[in-house]
Amino acid sequence: MTTRMMGAKVQRVEDDRLVRGTGRYVDDVAPDALHAAVLRSPHAHARIVSIDVDAVLDVEGVHAVWTHEDLEGAMADPLPLLIPHPTLTHGRTQYALAKDEVNYVGEAIAFVVADDRYVAEDALARIVVEYELLPAVVGIEAARSGANLVHDDVPGNVAARMEQSNGDAAAAIAAAPHTLSLDLHIERSACMPMEGRGTVARWDPDQGRLQVWTSTQTSTGVRAAVAAKLGLDLGQVDVITPDVGGGFGVKIVHPWPEELLVPLAAQRLGTAVKFTEDRREHFISSAHERAQVHHVEVGFDDEGRVLGLDVRFWHDHGAYTPYGLIVPIITSTQLLGPYKPGAYHVQFDSLYTNTVIVTPYRGAGRPQGCFVMERTMDAIAAELGLDRADVRAANFIQPDEFPYDQGLIFQDGRELKYDSGDYPAMLDKIKELVDWDGFESFRAEKAAEGKRVGLGLACYVEGTGVGPYEGAHVHIETSGKVKVATGLTSQGQGHQTAFAQIVADELGVRFEDVEITTGDTRRMPYAVGTFASRAAVMSGSAIHLAAKRAKEKALRIAADALEADVDDLEIVDGVVSVKGTDSSIPLGTVAVLSNPLRYAFDEASKAATQFNVGDPTKPPVAEDDEPGLEGKDFYSPPRSTFASGMHAVIVETDVETAEIRILKYAVVHDCGHLINPMIVEGQIHGGVAQGVGGALYERMAYDESGQLLNASFMDFLMPYVTEVPTSIEIDHLETPSPLNPLGIKGAGEAGVIPGSAAFAAAIEDAERLPITAMPISPSELFALRQAHAQEPK
Amino acid sequence: MSTEQTHEIRLNVNGVEHQAAVPARRLLSDALRHDLGLTGTHVGCEHGVCGACTVLVDGQPMRSCLMFAVSAAGHEITTVEGLSRPDGELGPVQQAFRECHGLQCGFCTPGFLTTITAGIAENPDPTEDEARDMVAGNLCRCTGYQNIVKAVCRAAELARSDEDGAA
Amino acid sequence: MKPAPFDYVRPGTLEEALQALAGHPEAKVLAGGQSLVPLLSMRLAAPAVLVDINDLPGLDHVRVSADGVRVGALARHAAVLRDPDVARVQPLVPLALANVAHATIRNRGTTVGSLVHADAAAEMPMVLRLLDGSLDVVGPGGRRTIPVAELYVGPLESSLHHDEIAVEAFFPALAPHTGVAFEEIARRHGDYAMCGVAAVVTVEGDRVVKASAGYLSVSDIPTVVDLTEALDGSISDASLAAAAEAALEQLDPETDIHATADYRAHLARVLTARVVTAAYENAREEKA
């Protein structure tokens, strides 16, 4: 009997090649390619007076140097605005190469193709650009003041203003027995995958075909954009996603200028061309996220129940809005977490600044929303002198209230309706895991040693698996091997393993016989992409459905061959047999039979030739059938499925130096049924580490002129092993999603969401002073202590 | 602009002698990847902080992005491609990473594998703290390091049982 | 991030190396390269010539004698750190070295290279200054010894002439009845410190007769402060506070993206007390 793979800690099939150094990342393909480099703006805001590339023409080994003037047709137009939300009244996108004006340090101005990257960079150094400097708008305050404008035709720097409500929040707050207001800040960070962006393209003049390898989270998105911009038929463009060295959101944005310029160069030069982004470029030209300023008004009763909640916030969108309003919309909706405020009103302004664009980074607006809501919960508890967990419990949606409609519209334009969850049970688990009730005695023990410790808790709900759809194609080959393709891409999530587990279970084949291909438009041209913790939910479900179809067909053919009833058949380890008998047929043979042949090419295929198969009085392929043992299906859910979780952290804040040490980190997580708990826990670990980074270390330090002061791993402080918790205690809750056949919910982003909220709570608890801005450094904590000490009591 | 002068160098990588003609400024990381086609060594920052490009130079972990290929000539270089067993099976550190789920996207992994290979050669039975210390100079954005630390201890265990087997 | 082109020479003798330097005013010496190569890759430096001294014979020594530790220009940080005799003769050297970047960088980077780089945020220039060591350099005029008091002349600037090569550093041995200690606080483990302090304290009985401390990242050149007078012979909360204030008078912490000047000053105070106390305890144990 085949053991069930779903839910098993199966080792990853990806790892063999990756640990041997034989993975293929984008910079590893096409060793013969020419190399591109991009001249980037050194100024945050300037008009381009002139660009002189004459000196480059002398550089030996340079094959092309382009500015905007060299682009034609659609390539000369602005890059697409990918998600044109109706409230994005003033959406703006950059050009592939800047036309007349630059709006952030790092914006692409000129493109060079040379023998190698060294020569390409030599060439860049010889391009002379004359700029007329314009005042830079840096930071939310400067953007809000509107004194200077990023785009002349966008008044007040407001790209969009959006408002949603459920009930009359203002009236509810006015009538509430208690009210509070809070101002809460989150700074910029970034995805910062270890591999930057990269694109390779090869033009085949014989076939008139373009092949593009790109380090992306959406191969179909890039394909459509490249075809549209280069004026090619979709059928002329293949986009292949090789191994990707991490994404975390930044690689869902497309097309990046280089994703168009490289294919164009390949086509124009008739040779393979490669762009490999370096780390400095990644800091100044790939997307950032997180910076928002929030103002909260809340009214609540004596038990801490929120009667009315009004949130106004300002989102720093950077210089352009190619990815629309996804991040602030998510903040504005997912802020509610597991709670049900009596009435809610939210309004945000999305503001332009002369900085790198802002698009989703793992969590995508949720860390900010969670920070706002959880800080509010803590403030309510402090105001009423109640236990912080009790206040949360008083506000929870109850298990019998699902599906629960929050009365808002989510990022996908669908209702914000939670499908399932059990928040009270989860709270019990996290309290137990972190020993919530024993903390005061721990605090006393530490205080006796002269140490200061604090405990923080943060809860979140995450809409995962957004649509519109994903698809899958399952092909059982005559060898009995199963080849599966799904269109979304992988950046280290172990899809090849998790999806193979699903197929093995559904088809009854050996796990080892399943091979998964992701992100290759030749194999599955219909797909959306990997973001919003959607891969397992969307492609996992599609693969399950497609495998089911292939299985149905296999059983039908096998039933014929075995002269048995379909209902009496089972498939175990790739062999179809009549239950309780030794009558059986291997799936490979079923595959042979599924494809009526005129020509035999080996022993096995003889069995499928027209003299051996089928009823000679009927067409070899029935009218409603097709040859081959394949299954194809798509999964398109009505709305997102809502995962949830709670984190608790205990910190020590050094009494003398204000250093912040993590003593304990605990996670309870509910992503429905687990496909592979090992992979899910790995995702949580990684998310927690990014949460630590966002809470205690990482920020984008822009100066007033819009220069990014810490554009290196020296100064952008991503955690090493020495900065993360030495252990992360994890407990799972499994409330299956009713929306998909496997009962799963997304798990990718969860780990990062409550980081800043939990740390802020723990530090506040240790220090007894309000923490309203994250990240926080020892230097900032020291400054808070100083300021607090001087405040009149 | 005149053609840049190249230097004929011999690089001993994973026990194999390679010849290449490289400009003096060619970083060792680029020479390995682009001149020798050994693309297992990855480049994550090119300023020596992330550790993805770490290779062993005469057995010691070093950043290949902070060395020029010309300077590496005459030294024995070991890259991730050289960490498997002679029979092609995974070496102990590679195997431990797979067993412990010590990698996700795999981009930083080669630098961890080389670093740990040298680390457990020097300290065959590291405590968890020592394991942490061993990888303290390598950045990973995916794993949160939890399983990497486990993999260090597991790798040491596998390597020790190799030694026992050989003895 | 690729270096601009340069000419490369890899001399086999010191004489050839000196000639190469003398012939090219734009030449730079390449030893470990752990600070230099990033600057080249970011094109923040673009020397016309790199003189790679890694083949020079007889410069990779770590020689320990009763009077101190002599470190050759090609001795890697790791080799110095590993040498048990160094710890015996001058324990401050390994205490500080363990905080120099990460182990992998220490495998290639050289201690002398770090000294010449003259970074006031780097451990070893401060340690050489605190121990009152010296640097031997060879130039067209022959070999000379630069006392550390004359070595650091400005931010990232040493008194080494362009045509000279540093060949050996000398860290004097720990004096009798003397203890040392070192502590730094960095944002992340292995980063440049926001503040770091090393102390050398000499006692007679329980009395402090000599004390000085060196400071990281709170001045623009490696800075050492004599704390003897401020301590006034004893270790107490009051004398330590006085010592820290005396130190701060000579320090000039600055605000950057990682820490404010106030915080760095605060750390200088905290660390001065901690490190002087630890050095004092070590000195008393030394006596016993």
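Any read-out appearing in this document is the output of simple, stated calculations on the displayed coordinates, not a laboratory observation. Note that the structure is predicted; figures quoted are calculated from it, not measured. We place every Cβ from the backbone using ideal geometry, glycine too, and count neighbours over all the protein chains shown.
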* Please give the helix B:146-166 orientation as an angle from the longest Cα principal axis of chain B, in degrees from 0 to 90, rounded to the nearest 10. => 90
* Per DSSP H run of n ≥ 4, the term is -39500 (n - 2.57); total these for chain B, divide by its residue number, and report the mean residue ellipticity at 222 nm rounded to 500 deg cm²/dmol. => -9500 deg cm²/dmol
* Asked: So for the protein assembly as shown, taking the charge dipole from beta-carbon charges (+1 Lys/Arg, -1 Asp/Glu), which of A:A76, A:G686, C:A96 sits furthest toward the positive end?
  -> A:A76
* To do: Give the long-range amide H neighbours of B:E76: residues separated by 5 or more places, or on another chain, with amide H under 5 Å away, using H modelled in the peptide plane at 1.01 Å from N.
  => B:D58
* Under-5 Å amide H pairs with C:K210, H placed in peptide plane, nonlocal only -> C:T202
* Structure fact -> Placing each pseudo-label 7 Å from Cα in the direction of the beta carbon, C:T255 and C:E285 end up separated by a distance in nanometres of 4.1
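What is the dipole size for the protein assembly as shown, taken about its Cα centre, with +1 at each Lys and Arg Cβ and -1 at each Asp and Glu Cβ, in debye to the nearest 20? If you can, show how the numbers build up before the last one.
Details: 101 positive and 175 negative charges, 161 e Å.
Computed charge dipole of the protein assembly as shown: roughly 780 debye.
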* **For the stretch A:163-257: Kirkwood Rh in Å [reciprocal of mean 1/r, alpha carbons]** => 17.1
* Asked: So between A:E383 and A:Y469, what do we pick up on full extension, going 0.36 nm a residue minus the alpha carbon distance?
  -> 26.4 nm
* Only loop residues by DSSP count here, and only those with at most 14 other Cβ atoms within 10 Å; note down the GluC sites (Glu not before Pro) in the stretch A:408-491 that meet that. => A:E449
* Step through the residues of the stretch B:74-83 one at a time and calculate ³J(HN,Hα) from phi using the Karplus curve (6.51 cos²θ - 1.76 cosθ + 1.60, θ = phi - 60°), rounding each to whole Hz and writing x for Gly and Pro. => x, 9, 8, 9, 10, 10, 4, 5, x, 9
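Roughly how many debye, to the nearest 20, is the charge dipole of the stretch B:6-82 about its Cα centre, given +1 on each Lys and Arg Cβ, -1 on each Asp and Glu Cβ, and no other charges?
Dipole of the stretch B:6-82, to the nearest 20 debye: 180 debye.
For chain A, what is the calculated [θ] at 222 nm in deg cm²/dmol (nearest 500), taking -39500 (n - 2.57) for each run of four or more DSSP H residues and dividing by its residue count? Mind dumping the intermediate values first?
Details: 19 runs with 211 residues, N = 793.
Helices in chain A give a 222 nm mean residue ellipticity of -8000 deg cm²/dmol.
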* **Using θ = phi - 60° and Karplus 6.51 cos²θ - 1.76 cosθ + 1.60, couplings along the stretch A:595-612 (whole Hz; Gly, Pro as x)** => 10, x, 10, 8, 10, 8, 10, 7, 4, 4, 6, 3, 5, 9, 6, 4, 7, 10
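What's the extension gain from A:S441 to A:E163 if we count 0.36 nm per residue and subtract their Cα-Cα distance?
Details: separation 278, 0.36 × 278 = 100.08 nm, distance 4.54 nm.
Computed gain between A:S441 and A:E163 is 95.5 nm.
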* **Gaussian network model of chain B, springs between alpha carbon atoms under 10 Å - residue of B:L103, B:L90, B:L11 with greatest fluctuation** => B:L90
* Note down the nm distance, to one decimal, between modelled labels 7 Å out along Cα→Cβ at A:D153 and at A:M714. => 4.2
* For each pair in A:K340/A:K446; B:K150/C:K2; A:K229/A:K251; A:K483/A:K606; A:K9/A:K745, compute the distance between the two Cα atoms and list the pairs where it is over 28 Å. => A:K340/A:K446; B:K150/C:K2
* Structure fact -> The long-range amide H neighbours of A:T464, using H built 1.01 Å from N in the peptide plane and a cut-off of under 5 Å, are A:T641, A:F642, A:A643, A:G746
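Could you work out how much longer the chain between A:A171 and A:F634 gets when fully extended? Use 0.36 nm per residue separation minus the Cα distance between them, nm to one decimal.
Result for the pair: 162.1 nm of gain on full extension.
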* To do: Report the residues of the stretch C:1-29 in range of a label on C:A48: point 7 Å along Cα→C-beta, backbone N strictly under 20 Å from it.
  => C:3-11, C:16-29
* Along the positive direction of the dipole of the protein assembly as shown (beta-carbon charges: Lys, Arg +1; Asp, Glu -1; about the Cα centre), which of A:G574, A:T93, A:A666 reaches farthest? -> A:G574
* **About the Cα centre, charge dipole magnitude for the stretch A:1-153 (Lys/Arg +1, Asp/Glu -1 at Cβ), debye** => 1240
* Structure fact -> Inter-part gap, Cα centre of the stretch C:207-278 to Cα centre of the stretch A:182-225, in whole angstrom, is 51
* To do: With r as the distance between the Cβ atoms of C:D60 and C:D206 and R0 = 35 Å, compute the FRET efficiency 1/(1 + (r/R0)^6) and round to 0.05.
  => 0.25
* Cβ-based charge dipole, the stretch B:92-166, positive-most Cα from B:T114, B:G144, B:C100 -> B:G144
* Quick one: what are the phi-derived ³J(HN,Hα) couplings along the stretch A:573-585, Karplus 6.51/-1.76/1.60 with θ = phi - 60°, whole Hz, x for glycine and proline? => 6, x, 10, 8, 9, 7, 3, x, 10, 9, 7, 8, 8
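Once R0 is set to 25 Å, what does the formula 1/(1 + (r/R0)^6) return for the Cβ-Cβ distance between A:R24 and A:L234, expressed as a FRET efficiency to the nearest 0.05?
Working: r = 25 Å, r/R0 = 0.98.
Result of the calculation: an efficiency of 0.50.
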* Asked: At C:V153 and A:D206, where each label point lies 7 Å from the Cα along Cα→Cβ, what is the point-to-point distance in nanometres?
  -> 6.7
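How long are the three semi-axes of the equivalent ellipsoid of chain A, in whole Å, if each is the root of 5 times an eigenvalue of the C-alpha gyration tensor, listed from largest down? Before the final figure, lay out the partial values.
Values: eigenvalues 414, 281, 101 Å².
Semi-axes (√(5λ), whole Å): 45, 37, 22.
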* Find how many whole Å separate the alpha carbon centroid of the stretch C:101-123 from the alpha carbon centroid of the stretch A:680-756. => 32
* For the stretch B:1-46 and the stretch A:358-399, what is the separation of their Cα centres, given in Å? -> 53
* FRET efficiency, A:E563 to B:E89 (Cβ-Cβ, R0 56 Å, nearest 0.05) -> 0.75
